[in-house]
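What follows is calculated from the coordinates using simple rules that are stated; it is not laboratory data. For clarity, every value in this text was computed on a predicted model and none was experimentally measured.
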Ligand code: NAD
Ligand code: TYD
């Protein structure tokens, strides 16, 4: 039975990926997650008892634990989502980013290589190590500049993107030097259900529902290319099936929006879905706050390679994906409550001064 070793599968994108995978017949998933503040077992509650899914609480820097999992479960593919993923936190406390994103990916590569090198020839050929990365490794675009292609040079600007870039380079080197069949995907900003509410879209949804300020950094004209999380997961599955080892694939929706446009759209949909709210119009909660240091102006992905070579395309429009996302947060108050731990409240207080 095909077995996937997935890391970070209790986080935002990883949980969507494993929920989709375990839903398919005839696959096994070993899900390793350290359950940091961003990991949440409630996100994978529907599959916790599923015999095709094994959850392991573990750190990807733990070589011994990883070696044991490779020995016991003999995966045919590794999908690495585990990471520290929030730019603002990387500015305040970069250490954890180097630890998990760089050293963690390195440890996972080492253990994967050691397992892979002992496989019979056909197992070696079919094995895949897919590393999930970001568009932020390419740096920032000026308005009007062409979208990032796989051939763009890496010019990361934040401790987060620098740590992801370092990991991408290690993955590349393990293919080039040792022949490990690696694949790297670089994706634009995701949104959807189960995203931790420190990121723009879920933060705005939950603050608006409670009548709290909606903090817009700088002039609100920074641009991101927004992709619905299930479309990202479909792209990863496509790359696992049909991607060429050693290659990298850019993933995006050609959906460039300024932060102001995003927040205004969230507010408009909330006005409509929660007509009884005393905070309508929710737009009146928007406040401009101090900009993020080194704030990248614009990201945009050119996803022609994955579209033409592998036949992937996003299915969700921004309007329909955002509506689904907002409805999910409205319908899952128990999940929302569970992520608003003391650590979350501390972050809101120290970063925004919001109690
Ligand atoms: P997330 O922060 O929601 O989840 C990360 C998960 O990794 C959490 O469950 C956490 O517990 C786990 N984790 C952290 N450190 C770990 C460690 N040392 N060992 C094991 N598990 C650990 O992140 P996400 O938004 O789901 O992002 C997943 C991946 O996708 C990341 O690699 C990120 O760089 C990449 N990515 C994210 C986006 C986005 O918009 N969210 C876009 C492009 C790429
Ligand atoms: P974020 O969701 O943190 O993703 P990233 O920084 O990885 O792109 O932020 C998306 C955009 O929204 C980014 O330009 C920063 C901006 N932003 C705000 O204006 N206010 C906020 O409170 C947050 C969290 C982000």
Separation of alpha-carbon centers, the stretch 103-164 and the stretch 233-310, rounded to whole Å: 21
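Using the Cα atoms of the stretch 126-226 to build a convex hull, what is its mean projected area in square nanometres? Don't skip to the end; give the middle numbers.
Numbers: hull surface 34.7 nm².
Quarter of the Cα hull surface area: 8.7 nm².
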Histogram of C-alpha separations across the stretch 28-148, 5 Å bin width, %: 2, 9, 17, 19, 18, 14, 10, 6, 3, 1, 0
Acute angle (nearest 10 degrees) that the helix 63-73 long axis makes with the longest principal axis of the chain, alpha-carbon atoms: 70
Overall Cα dimensions of the stretch 314-355, principal axis frame, Å, largest first: 37, 22, 15
Within the chain, helix-based [θ] at 222 nm, where runs of 4 or more DSSP H residues each add -39,500 (n - 2.57), nearest 500: -12500 deg cm²/dmol
Nearest 10 degrees, 0 to 90: helix 159-178 Cα axis against the chain principal axis: 20
Debye log10 I(q)/I(0) for the stretch 250-344, one point scatterer per Cα, at q = 0.11, 0.18, 0.20, 0.21 Å⁻¹: -0.51, -1.12, -1.19, -1.20
Global form of the stretch 85-158, assessed from the alpha-carbon gyration tensor, a/c cut-off 1.5: oblate
Relative contact order (%) - the chain, alpha-carbon pairs under 8 angstrom, separation at least six: 17
Gaussian network model of the chain, springs between alpha carbon atoms under 10 Å - residue of 151, 54, 105 with greatest fluctuation: 151
Most mobile of 121, 261, 150 in a GNM of the chain (Cα contacts under 10 Å): 121
Helix 318-331 vs. the chain, principal-axis angle (Cα, 0 to 90°, nearest 10): 80
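Kindly give the semi-axes, whole Å and largest first, of the ellipsoid equivalent to the stretch 59-218, taking each as the square root of 5 times a Cα gyration tensor eigenvalue.
Details: eigenvalues 213, 74, 40 Å².
Equivalent ellipsoid of the stretch 59-218: 33, 19, 14 Å, largest first.
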Cα Rg, Dmax, the stretch 217-263, angstrom units: 14.3, 42
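Give the whole-number value, in cubic angstrom per residue, of the convex hull volume spanned by the C-alpha atoms of the stretch 1-98. Before the final figure, lay out the partial values.
Working: hull volume 8.9 nm³, N = 98.
Spelled out: Cα convex hull of the stretch 1-98, divided by residues, is 90 Å³.
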Over the stretch 208-348, relative contact order from alpha-carbon pairs under 8 Å, at least 6 apart, %: 38
The chain pair-distance distribution - Cα-Cα, 10 Å bins, rounded %: 5, 25, 36, 24, 9, 1, 0
Sequence-separation-based contact order of the stretch 110-247, relative, with Cα cut under 8 Å and 6+ spacing, percent: 28
